[in-house]
1. Just to be sure before I move on: is Tyr34 closer than 27 Å to Leu138 by Cβ and in a loop (DSSP other than H, G, I, E, B) in the structure I sent?
2. Here are the criteria: (1) at pLDDT 90 or above; (2) open to solvent by 60 Å² or more (accessible area, probe 1.4 Å); (3) touching a helix residue (DSSP H, G or I) at 6+ places or on another chain (Cβ under 7 Å); (4) not small (Gly, Ala, Ser). Tell me which single one Leu87 does not satisfy.
3. Taking Gly7 as meeting all but one of (1) small (Gly, Ala, Ser); (2) at pLDDT 85 or above; (3) in a helix (DSSP H, G or I), write down the number of the exception.
4. Please go through segment 24-55 and pick out each residue that is in contact (Cβ under 8 Å) with a residue 40 or more places away in the chain and either among the aliphatic types (A, V, I, L, M) or open to solvent by less than 50 Å² (accessible area, probe 1.4 Å) (or both).
5. Could you please find all residues in segment 115-160 being farther than 20 Å from Glu49 by Cα and either free of Cβ contacts under 8 Å to residues at least 40 places away in the same chain or not hydrophobic (A, V, I, L, M, F, W, C) (or both)?
6. Let me spell it out: the conditions are (1) open to solvent by less than 50 Å² (accessible area, probe 1.4 Å); (2) under 17 Å from the mean Cα position of the chain (by Cα), and Leu151 meets all of them except one. Which number is the exception?
Amino acid sequence: LSLADLGALLTIDPLMLIYLNNELNNKSSPNENYARELMELFTLGTEDEDGNPNYTETRTDGSGDIAVAARALTGWKVRLNYSVPELTVSFDSNAHAVGPHVMFPGTPFEFSCENQEQLVRGIFAHHGNASIYYSRELLKYYLTPNPPRELVEQFALVIRQENFALRPALARLFESKAFLHPAY
């Protein structure tokens, strides 16, 4: 998958939109379920390597990274086409909360976005823990349940160098000394 493929898969797949309630997400009543799962499960994880939160929860004033991401994800609708039996995705600009939406304000990861594509691309491009998250998850699956921090950070660099294209990053992992090391 490329970064563009990940962005499309994570944001406008009809089954993901339904499963995570984003078809209910509109500017008058943002639904945070998809935004939270986008960050927790698909891009960042809940905490960095030192145990610090990777994003902020929604505050009473409506700020916080989850609330901002939910607003950027508004406007997507899923419909069942009865003549073909398939789900179709459409964008309703009247249900979209117009930005700019500022993610991770006051941090080195801060960026602005208007929509779902810019949100996902921004997380990958600006938040340093996205590559760490992918590195840790891939190393846990292919190498060891508890990859050492140094190895996670080294493979995160490879993932960034490959612009999150996982096929070439994994090829480099499978050819590495770490992959062939008897400890793993």
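The values are calculated or read from the model by the stated rules, or taken from the named source; none is laboratory data. Remember, predicted model here, so these are calculated numbers, not experimental data. Cβ atoms come from the backbone with ideal geometry, glycine included; neighbour counts cover every protein chain shown. For the accessible areas, the whole protein counts, side chains as well, though only heavy atoms, and no ligand, DNA or RNA atoms are used. Shrake-Rupley method; radii C 1.70, N 1.55, O 1.52, S 1.80 Å.
1. Numbers: closer than 27 Å to Leu138 by Cβ: yes; in a loop (DSSP other than H, G, I, E, B): no.
For Tyr34, the condition - closer than 27 Å to Leu138 by Cβ and in a loop (DSSP other than H, G, I, E, B) - is not met.
2. With respect to (1) at pLDDT 90 or above; (2) open to solvent by 60 Å² or more (accessible area, probe 1.4 Å); (3) touching a helix residue (DSSP H, G or I) at 6+ places or on another chain (Cβ under 7 Å); (4) not small (Gly, Ala, Ser), Leu87 is out only on (1).
3. Unmet condition: (2).
4. Scanning segment 24-55 gives Asn25, Asn26, Leu38, Met39, Thr43, Leu44, Gly45, Asp48, Asn54, Tyr55.
5. Step one: of segment 115-160, the residues farther than 20 Å from Glu49 by Cα are 115-122.
Within segment 115-160, Asn115, Gln116, Glu117, Gln118, Arg121, Gly122 qualify.
6. Unmet condition: (2).
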